[in-house]
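Chemist: Below is one structure. I have some questions about it.
The values are calculated or read from the model by the stated rules, or taken from the named source; none is laboratory data. Given the structure is predicted, the values throughout are model-derived calculations rather than measurements. Here the Cβ positions follow ideal geometry from the backbone for every residue, glycine too, while neighbour counts run over all protein chains shown. Note: areas computed on protein heavy atoms with side chains; ligands, DNA, RNA excluded. Shrake-Rupley method; radii C 1.70, N 1.55, O 1.52, S 1.80 Å.
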Amino acid sequence: LTILLLYLLLTVGYGIATPVLEAPDEHHHYFAATQISACRCLLTIDEANQLARQEAAQPPLYYIIGAILIAPVPTSATLPDFLWFNPYVQLGDASTPDNNNAFVHTPAEAWPWQGDVLGVHLLRLFSTALGAVTLLAIWQSGRLLFPQHPERALIATALVAFLPQFNFLHASVSNDPLVIMFASLALWQLIHLWLHQPTRSRLLWLGITVGLAMLAKTAGLLLLIFCGGWLLLLAL
């Protein structure tokens with residue numbers, strides 16, 4: 001519980017401190033969700049769509065959930081008036097310490113959050129919650145592997161919970177936290193199948209988890225291959 005609470009404090013802090021839409025590809029992920037919310041339809045790949053861009057080709061589960069979460073908020077499917085691209089941005093260039101922000105930011109992003117600013121922070125909190133489920137899955141996996149050493153499960157959980165990149169990623173709008181959560185849940189289930197006699201219900205839940213991972217991101221296909229290989233080894 002202490003690890004989870006500290007994780008939540010740190011990650012929510014990252015989400016508050018990071019300017020709106022400045023996490024990697026965050027604006028593409030966010031506008032994929034807002035466009036689904038606006039049209040109530042799945043996205044198609046369109047060269048004219050420079051807001052969602054490549055995320056329009058991603059599996060839609062994260063964006064559908066995000067669209068539902070921000071539905072009560074008056075968001076825009078287009079770039080808000082208060083936010084515009086920084087023409088002098090030098091992203092990825094370590095030799096230029098200035099102009100690291102992709103957007104020009106205004107006081108409109110300050111508390112109390114409204115409109116698209118509120119929408120971004122709601123989806124960031126959703127990512128943070130997904131990370132908490134990932135940590136619970138890691139803890140449960142550790143308890144299965146080391147039933148006589150519960151401290152090892154706590155160490156494994158803390159190791160992930162306090163990785164700065166884990167906190168930063170789970171404080172951003174992205175479909176990565178969703179596929180990471182499903183992968184962690186799948187690994188927990190595989191460990192259980194390895195240690196105990198497989199049952200149809202366990203295999204069914206594993207199939208559902210892997211299926212949802214593939215709907216979260218194309219990388220979920222790798223989880224299908226991994227789980228299939230694991231089950232094949234168990235059957236030998």
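Chemist: Being under 22 Å from Gln58 (Cβ atoms) and touching a strand residue (DSSP E or B) at 6+ places or on another chain (Cβ under 9 Å) is the filter here, so list the residues in region 1-27 that pass it.
Modeler: Once the filter is applied, which keeps residues that are under 22 Å from Gln58 (Cβ atoms) and touching a strand residue (DSSP E or B) at 6+ places or on another chain (Cβ under 9 Å), region 1-27 yields Val20, Leu21, Glu22, His27.
Chemist: So, in region 33-52, of the ones that are among the hydroxyl-bearing types (Ser, Thr, Tyr) and open to solvent by less than 80 Å² (accessible area, probe 1.4 Å), which residue ends up farthest from Leu118 (Cα to Cα)?
Modeler: Ser37
Chemist: Here are some residues: Ile208, Ile180. Which one is within 18 Å of Gly131 (Cα to Cα), open to solvent by less than 80 Å² (accessible area, probe 1.4 Å), under 25 Å from the mean Cα position of the chain (by Cα) and among the β-branched types (Val, Ile, Thr)?
Modeler: Being within 18 Å of Gly131 (Cα to Cα), open to solvent by less than 80 Å² (accessible area, probe 1.4 Å), under 25 Å from the mean Cα position of the chain (by Cα) and among the β-branched types (Val, Ile, Thr) holds for just one of Ile208, Ile180, which is Ile180.
Chemist: Can you tell which of Tyr30, Tyr14, Tyr7 is of a type in the set (Phe, Trp, Tyr) and open to solvent by 50 Å² or more (accessible area, probe 1.4 Å)?
Modeler: From the options Tyr30, Tyr14, Tyr7, the qualifying one is Tyr14.
Chemist: Another question, then. All but one of (1) over 24 Å from Leu236 (Cα atoms); (2) in contact (Cβ under 8 Å) with a residue 40 or more places away in the chain hold for Leu163; state the number of the condition that does not hold.
Modeler: Status for Leu163: all satisfied but (2).
Chemist: Suppose we filter region 224-236 for residues that are outside any loop (DSSP other than H, G, I, E, B) and either more than 28 Å from Ser127 (Cα to Cα) or open to solvent by less than 20 Å² (accessible area, probe 1.4 Å) (or both); how many remain?
Modeler: Number of matching residues: 8.
Chemist: Somewhere in region 147-154, is a residue outside any loop (DSSP other than H, G, I, E, B), open to solvent by 60 Å² or more (accessible area, probe 1.4 Å) and among the hydrophobic types (A, V, I, L, M, F, W, C)?
Modeler: Within region 147-154 (the criterion being outside any loop (DSSP other than H, G, I, E, B), open to solvent by 60 Å² or more (accessible area, probe 1.4 Å) and among the hydrophobic types (A, V, I, L, M, F, W, C)), the answer is yes, since at least one residue qualifies.
Chemist: Within region 42-53, does at least one residue satisfy the condition of being β-branched (Val, Ile, Thr) and either over 17 Å from Ser172 (Cα atoms) or touching a strand residue (DSSP E or B) at 6+ places or on another chain (Cβ under 6 Å) (or both)?
Modeler: yes
Chemist: Further, regarding this structure: Would you please name the residue that is farthest from Ala57 (Cα to Cα), looking only at residues in region 211-223 that are of a type in the set (A, V, I, L, M) and open to solvent by less than 40 Å² (accessible area, probe 1.4 Å)?
Modeler: Step by step, filter region 211-223, then rank; the result is Leu223.
Chemist: Moving to a separate point now. Quick check on region 105-126. Is at least one of its residues out of contact with any Phe, Trp or Tyr (no Cβ under 8 Å at 6 or more places or on another chain), open to solvent by less than 40 Å² (accessible area, probe 1.4 Å) and on the phi > 0 side of the Ramachandran plot?
Modeler: Yes, region 105-126 contains at least one residue that is out of contact with any Phe, Trp or Tyr (no Cβ under 8 Å at 6 or more places or on another chain), open to solvent by less than 40 Å² (accessible area, probe 1.4 Å) and on the phi > 0 side of the Ramachandran plot.
Chemist: Go through region 109-139 and give me each residue that's more than 18 Å from the chain's Cα centre (by Cα) and either part of a loop (DSSP other than H, G, I, E, B) or closer than 24 Å to Thr157 by Cα (or both).
Modeler: Scanning region 109-139 gives Ala110, Trp111, Pro112, Trp113, Gln114, Trp139.
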